[in-house]
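Chemist: Quick one: this structure, given as structure tokens, is what I'll be asking you about.
The values are calculated or read from the model by the stated rules, or taken from the named source; none is laboratory data. Remember, it's a predicted structure, so these values are computed and weren't measured experimentally. These accessible areas exclude ligands, DNA and RNA; they are computed on the full protein's heavy atoms, side chains included. Shrake-Rupley method; radii C 1.70, N 1.55, O 1.52, S 1.80 Å.
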Amino acid sequence: VLQGYAAEMDNPLMAHLISPELQNRKDILFGNMEEIYHFHNRIFLRELETYVEYPELVGRCFLDQMEDFQIYEKYCQNKPRSESLWRQFSDSVFFQECQRKLDHKLSLDSYLLKPVQRITKYQLLLKEMLKYSKNCEGAEDLQEALTSILGILKAVNDSMHQIAITGYDGNLNELGKLLMQGSFNVWTDHKKGHTKVKDLARFKPMQRHLFLHEKAVLFCKKREENGEGYEKAPSYSYKHSLNMAAVGITENVKGDAKKFEIWYNAREEVYIIQAPTPEVKATWVNEIRKVLT
């Protein structure tokens, strides 16, 4: 892909086949695929090869390189932009010519999906290895490597949702790390509102997608898009946010093991939040507690 497509975009002999709108958009189309390639070629592959005789110790190899695996997050975040560009120009003569020269049966987009598939495959491989490495030296490293890879997958997944937030004025990066995201039923109870609004609020929940950052929790409304691939991915329109410095939490709401409360400014605003399962509630309550303490 890097030689047969990306490098060809800079080849003067191919220039006449490239439409002007595509010309300076190589970085969008290929993201940081080159960085991923070099990481594997120069670093990770060589490390792996040192464990050929001791496969059960390969967990160490992952742990030593875990920071480098974050390059996948960057690749996945760029993927929606890459896909929409590909859809615009997929029938371009330039791509057809590259594919013909390479004698590939599949078109470029199948290969651009590879890094996304690769990062999800590692956890499956590590799980398999763990299955056959019980009680042997290196099992702990394998387990830790698996946990770290799952952490990276969660970060990739969360960030894919976060880049789909629309309508937020500020800079999301200023809210600190994104810790959790998920969909909930939410009831609100404002001290100020009219009695009627309050009565209504008690019955009908709103569907909200919550994003918990270190400094704020965002309430968004999920919109399903009609399209293909990443276009089908939902977008989230921003509704409001609460500054974590003024938030309080009540872990248990009478009569429902899935509900908890977030309140704001000494209970001036109260949000009753219902998680899909008691387990999801527990992980959210724990994370919010960590932030508050």
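Chemist: May I ask you to rank ASP189, ASP10 by accessible area, largest first, using a 1.4 Å probe over the protein chains only?
Modeler: ASP10, ASP189
Chemist: Can you divide the C-alpha Rg of the chain by 2.2 N^0.38 Å and report the result to two decimal places?
Modeler: Cα-based Rg divided by the globular estimate yields 1.25.
Chemist: Also: Note down the accessible area of HIS190, probe 1.4 Å, to the nearest 10 Å².
Modeler: 70
Chemist: For region 7-163, with every protein chain kept in place, what is the accessible area per residue (1.4 Å probe, Å²)?
Modeler: With all protein chains present, region 7-163 gives 59 Å² per residue.
Chemist: Which aspartates and glutamates have a Cα lying under 16 Å from the Cα of LYS105, excluding residues fewer than 8 positions away in the same chain?
Modeler: ASP91, GLU97
Chemist: Let me ask something else. Over region 7-163, what percent of the accessible surface lies on carbon and sulfur atoms, probe 1.4 Å?
Modeler: C and S fraction of accessible area: 52 percent.
Chemist: Given the rule -39500 (n - 2.57) for each run of at least 4 DSSP H residues, summed and divided by the residues of the chain, what is its mean residue ellipticity at 222 nm, to the nearest 500 deg cm²/dmol?
Modeler: -13000 deg cm²/dmol
Chemist: Would you check the accessible area of HIS40, probe 1.4 Å, heavy atoms only, in square angstrom rounded to 10?
Modeler: Here the accessible area works out near 30 Å².
Chemist: Right, here's the next one. Hey, which of these cross-link pairs are over 22 Å Cα-Cα: LYS127/LYS258; LYS79/LYS127; LYS74/LYS127; LYS74/LYS154; LYS101/LYS121?
Modeler: LYS127/LYS258; LYS79/LYS127; LYS74/LYS127; LYS101/LYS121
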